[in-house]
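One structure below.
The values are calculated or read from the model by the stated rules, or taken from the named source; none is laboratory data. Since the structure is predicted, the reported quantities are computational estimates derived from the model, not experimental observations. So basically every Cβ, Gly included, is an ideal-geometry build from the backbone, and we count neighbours across all protein chains shown. Side chains included, ligands, DNA and RNA excluded: accessible areas come from the protein's heavy atoms. Shrake-Rupley method; radii C 1.70, N 1.55, O 1.52, S 1.80 Å.
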Amino acid sequence: DWEIADVTFSEGAAFTAEVFNTTVMILKLNKKIPIFSMEKEGVIEKLFDRVMAFSGYKEIDYELYTGFSDKFLLMGRNEKEIKNLFTADIISFFESSPVFHIESNGESLLIFDKFKLARTDETLQIIAFAKELAELIDQQ
């Protein structure tokens, strides 16, 4: 099962509040997976990395898949479970796909691209991405 919605949210308070609009997909999975967060690797994410470290999340890198580790910031609490989920097939899929922000709560995935509303073609791209990812996860 999946849902797509346009979401408006604000960050900050009073005069410093900033409003964001984005299109998100919730992909409900047929099985439990580890809790994690994954996004494009970059300078801003390094700051996010430090903040997430306080919540028990740590960056998970792959020595054999340096392209993946260079492209994505993958964080979570249980490195062993996350590495069991991220098989060679799933890593290859992510390396060859558009970069989306993905978060797992253990039962569902939250997927979005940028803090903007998606056009129709971008929405179709997210749906195709999620369908292929769900199939890979179900094969495990």
Worksheet entry | Top-ranked residue in region 87-125 [being in contact with a Phe, Trp or Tyr (Cβ under 6 Å, 6 or more places away or on another chain) and open to solvent by 70 Å² or more (accessible area, probe 1.4 Å); ranked as farthest from residue 74 (Cα to Cα)] | 115
Worksheet item: Which residue pairs have Cβ atoms under 7 Å apart, sit 6 or more places apart or on different chains, and have a first residue in region 19-34 that is without any contact (Cβ under 8 Å) to a residue 12 or more places away in the chain and open to solvent by 70 Å² or more (accessible area, probe 1.4 Å) and a second that is part of a strand (DSSP E or B) and of a type in the set (Gly, Ala, Ser)?
Response: 19/10
Worksheet item: Can you name the strands (runs of 3 or more DSSP E) wholly within region 56-140 that have at least 3 residues being within 25 Å of residue 1 (Cβ to Cβ)?
Response: 101-104, 108-112
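Taking the condition of being charged (D, E, K, R) and in contact with a strand residue (DSSP E or B) (Cβ under 8 Å, 6 or more places away or on another chain), how many residues in region 64-94 meet it?
In the first step, residues of region 64-94 are kept if they are charged (D, E, K, R); the result is 70-71, 77, 79-81, 83, 89.
Retained after the next criterion (residues that are in contact with a strand residue (DSSP E or B) (Cβ under 8 Å, 6 or more places away or on another chain)): 71, 77, 79.
Final tally of qualifying residues: 3.
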Worksheet item: Name the pairs: first residue in region 76-97 and touching a residue at least 40 places away in the same chain (Cβ under 8 Å), second residue in a loop (DSSP other than H, G, I, E, B) and among the hydroxyl-bearing types (Ser, Thr, Tyr), Cβ to Cβ under 7 Å, at least 6 apart or on different chains?
Response: 76/57; 77/57
